[in-house]
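The structure appears right after this line, and notes come after that.
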Amino acid sequence: MSTGEGTRAVRAGLPEARKYEPTLPGPVFAAHYHLPGEPTGPYAYGRDSNPTWTLLEQAVGELEAPGETGVETVAFASGMAAVSAVLLSQVRAGDAVVLPDDGYQALPLVREQLEEYGVEVRTAPTGGDAQLTVLDGAKLLWIETPSNPGLDVCDVRRLADAAHAGGTLVAVDNTLATPLGQRPLALGADFAVASGTKGLTGHGDLLLGYVVCRNPALASRVRLWRKVVGAIPGPMEAWLAHRSLATLQLRSDRQCANALALARALSGRAEVTGLRYPGLPEDPSHEIAAEQMRRFGSVVSFELPGRDHAERFLAEARLVDDATSFGSVRSSAERRGRWGGDAVAEGFIRFSAGVEDTDDLVADVLRALDAAES
Ligand SMILES: *Cc1c(COP(=O)(O)O)cnc(C)c1O
């Protein structure tokens, strides 16, 4: 049966209906399972497998690669657990890895770790498909598109084709887009990797990560890595995440509509510079984003004239939490420069649109901008 993505999201990963059983079975809390005799069967010990993960992994796989069989998903304790699992399970001393130089702020930490293990790390910007220039002979290409927090977009298919021609594996961080915004495997990636902490689960109340891939040999290395380092999601988090998927389409639609409305409103403000949102037709990323994305995400970035101005704006906004992270049902924003690490101006704001009524959110932001001017 072919289904639309909203229908898919509400039914993803659900087991066959059984009389007197809930539609989505509750979390299974087990360190070990009854296992008399020969230790065969799917569930033996809680670090290896858990029925609550099994259902969640099935669901995420259905969203990342609808209608495909043989897709394997491995859930992790956090996005960074998933990112590290792909990189550290696939590369060896002497290999070269290509990372973006404008990606998630923990990537430089991964870079240090890789270099300590004798891996050569090359970087290039996301925009302009610049990673193509440093691809030669690499074992793995890591793509983050749209990039966080700069919101540059690269052409995944073009990069994946070039990488595969040289025998390079391709992983795409799909955190910002979510599987309803972009499907990396269909664009040619070997791995779709994401933090489920952000828009996927969308309530700002849990950490989760996942890796999806088609190749069983690659998947089994990732699965083995999870078992070796024990970076496993708790059953409660896995269950909450699965429960949250039912509203993914509703949340994404409202968040994307709010992000676009905000971007439009911000583009009319004299004090706002460097506005980026891939869904804005005039955005430098829009053309390629429109080709490979189905939704443009909840994150808008822009600059205000300096640190104090930005701080006043954040303090004035009432519907917007001054908080890091993104993708929650509640709008949030932060002055990204407070962390160091990202190459951003002091007045740079990363804004994550929630699911508030569009008019309320835009009015609140415009009022806060007015108040921040005086
Ligand atoms: C947040 C984030 C991560 C890391 O996820 P955690 O769940 O915080 O470990 C990785 N990539 C991107 C693009 C992110 O935004």
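The values are calculated or read from the model by the stated rules, or taken from the named source; none is laboratory data. As the structure is a computational prediction, the values presented were derived from the model and not from experiment. Here Cβ is always computed from backbone atoms with ideal geometry, including for glycine, and neighbour counts include all displayed protein chains.
Quick notes on this one:
- Residues located in the stretch 284-330, provided they are closer than 15 Å to residue 182 by Cα and either part of a helix (DSSP H, G or I) or β-branched (Val, Ile, Thr) (or both): 286, 287, 288, 289, 290, 291, 292, 299
- Residue within the stretch 79-101 that is in contact (Cβ under 8 Å) with a residue 40 or more places away in the chain, touching a strand residue (DSSP E or B) at 6+ places or on another chain (Cβ under 6 Å), away from the ligand (no atom under 16 Å from the Cβ) and in a loop (DSSP other than H, G, I, E, B) present: yes
A quick yes/no check of all residues on (1) closer than 20 Å to residue 271 by Cα; (2) modelled with pLDDT under 95; (3) among the hydrophobic types (A, V, I, L, M, F, W, C):
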residue	(1), (2), (3)
286	no, no, no
292	no, no, no
297	no, no, no
300	yes, no, yes
305	yes, no, no
310	yes, no, yes
317	yes, no, yes
327	no, no, no
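- Beta carbons closer than 8 Å, at least 6 apart along the sequence or on distinct chains, pair a first residue in the stretch 209-226 that is of a type in the set (S, T, N, Q) with a second that is surrounded by 14 or more Cβ atoms within 10 Å (Cβ to Cβ) for 215/190.
- In the condition set (1) among the polar types (S, T, N, Q); (2) under 25 Å from residue 240 (Cα atoms); (3) within 16 Å of the ligand (Cβ to nearest atom), residue 58 is compliant with all but (3).
- Every residue from the stretch 115-132 that is surrounded by fewer than 23 Cβ atoms within 10 Å (Cβ to Cβ) and either outside the structural domain of residue 89 (by TED's automatic domain parsing) or within 16 Å of the ligand (Cβ to nearest atom) (or both): 123, 125, 127
- Every residue from the stretch 279-311 that is more than 21 Å from residue 356 (Cβ to Cβ) and of a type in the set (D, E, K, R): 282, 283, 287, 291, 294, 303, 307, 308, 311
- Unmet criterion (only one of (1) closer than 19 Å to residue 106 by Cα; (2) surrounded by 17 or more Cβ atoms within 10 Å (Cβ to Cβ)) for residue 341: (2)
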